[in-house]
1. Mind checking the stretch 57-154 for GluC sites (Glu not before Pro) that DSSP puts in a loop (not H, G, I, E or B) and that have at most 11 other Cβ atoms within 10 Å?
2. Pull the list of the chain cysteines that no other Cys approaches to under 4.7 Å, Cβ to Cβ.
3. Treat every Asp and Glu Cβ in the chain as -1 and every Lys and Arg Cβ as +1, leave all other atoms uncharged, and give the resulting dipole magnitude about the Cα centre to the nearest 20 debye.
4. Would you be so kind as to identify which of 56, 31, 124 lies farthest towards the positive end of the dipole of the chain, taking Lys and Arg as +1 and Asp and Glu as -1 on Cβ and the Cα centre as origin?
5. Given (1) 23, 21, 13; (2) 30, 15, 14; (3) 44, 19, 13 as candidate values of semi-axes √(5λ) of the Cα gyration tensor in Å, which corresponds to the one derived from the coordinates?
6. What do the square roots of 5 times the Cα gyration tensor eigenvalues come to for the stretch 65-156, in whole Å, largest first, as semi-axes of the equivalent ellipsoid?
7. Give me the net charge for the shell around residue 53: Cβ to Cβ below 13 angstrom, other residues only, Lys and Arg +1, Asp and Glu -1.
8. Which loop-located chymotrypsin sites (Phe, Trp or Tyr not before Pro) does the stretch 5-68 contain, where loop means any DSSP state but H, G, I, E or B and the Cβ has at most 14 other Cβ atoms within 10 Å?
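What follows draws every value from the coordinates through simple rules; no lab data is involved. Since we're looking at a predicted model, the values are computed, not measured. Here Cβ is always computed from backbone atoms with ideal geometry, including for glycine, and neighbour counts include all displayed protein chains.
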Amino acid sequence: MKCPFCRTDNDRVIDSRASDDGFAIRRRRECSNCRRRYTTYERLEEINMKVVKKDGGRVPFDREKIKHGLERACWKRPVTDMQIEDVVTAIENDIYSTFEAEVDSRQLGELVMQHLRDLDEVAFVRFASVYREFKDVTDFVNELQPMLAEKNRRPK
C-alpha cells in the first residue's frame, strides 16, 4: 500500500477491525517514512449478480432499484428509512447466499414481498398490486385472504 501523502510503499498496520456494515475490514496504517496515519478498507470482490427478466434479458442486480420500490410501497407508512435499508440489506444477503450468478426476476420479486410482508402489511399489498399486476378488487381480496386467515389463527 502506498502512502497517500508521500507515496512511499512502506507502511505498517496499526489496527484492523470489521467495518460498521460488516462487509469490509478497516485498517489503520502508519507510513514508515513520513509517520502520517491513514485508513484503508478492504472489501470482498462482489459477484456481478444478474437479474433474468421476464423477456429473458439480463441486467445487473441493482440494490437501489429494490430500495426505490420499497420506498414507494412504504410511502406515508410508519416505516423508517433505517428499516427499509435493513430490508434491502437482508434481501441482498439472501440473493448472494442463495444464488450463484443469476436470479430470476420472479424469485427476486417473491423475496421482496416475503420481507415486505413482515415489515408492513399495507406496503406489502401496495407492492404486490404493482408486482402481480392486479386487474381488479378480486385480485386484492385473493392476496389478502391468506394474510387474514393467518391473523385469525394467531392467539390474541
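1. Working: sites: 64, 71, 85, 92, 100, 102, 110, 121, 133, 143, 150; in loops: 100, 133.
Within the stretch 57-154, the qualifying GluC sites (Glu not before Pro) (loop, at most 11 other Cβ atoms within 10 Å) are 100, 133.
2. 74
3. On the way: 31 positive and 30 negative charges, 129 e Å.
It works out to roughly 620 debye.
4. The listed residue farthest towards the positive side: 31.
5. Derived directly from the coordinates: (3).
6. Working: eigenvalues 101, 52, 42 Å².
Semi-axis lengths for the stretch 65-156 are 22, 16, 15 Å.
7. Working: positive: 50, 54, 58, 65, 106; negative: 55, 62, 102, 104.
Charge balance near residue 53 sits at +1.
8. On the way: sites: 5, 23, 38, 41, 61; in loops: 5, 23, 61.
For chymotrypsin sites (Phe, Trp or Tyr not before Pro) across the stretch 5-68 that sit outside H, G, I, E and B with at most 14 neighbouring Cβ atoms in 10 Å, the list reads 5, 23.
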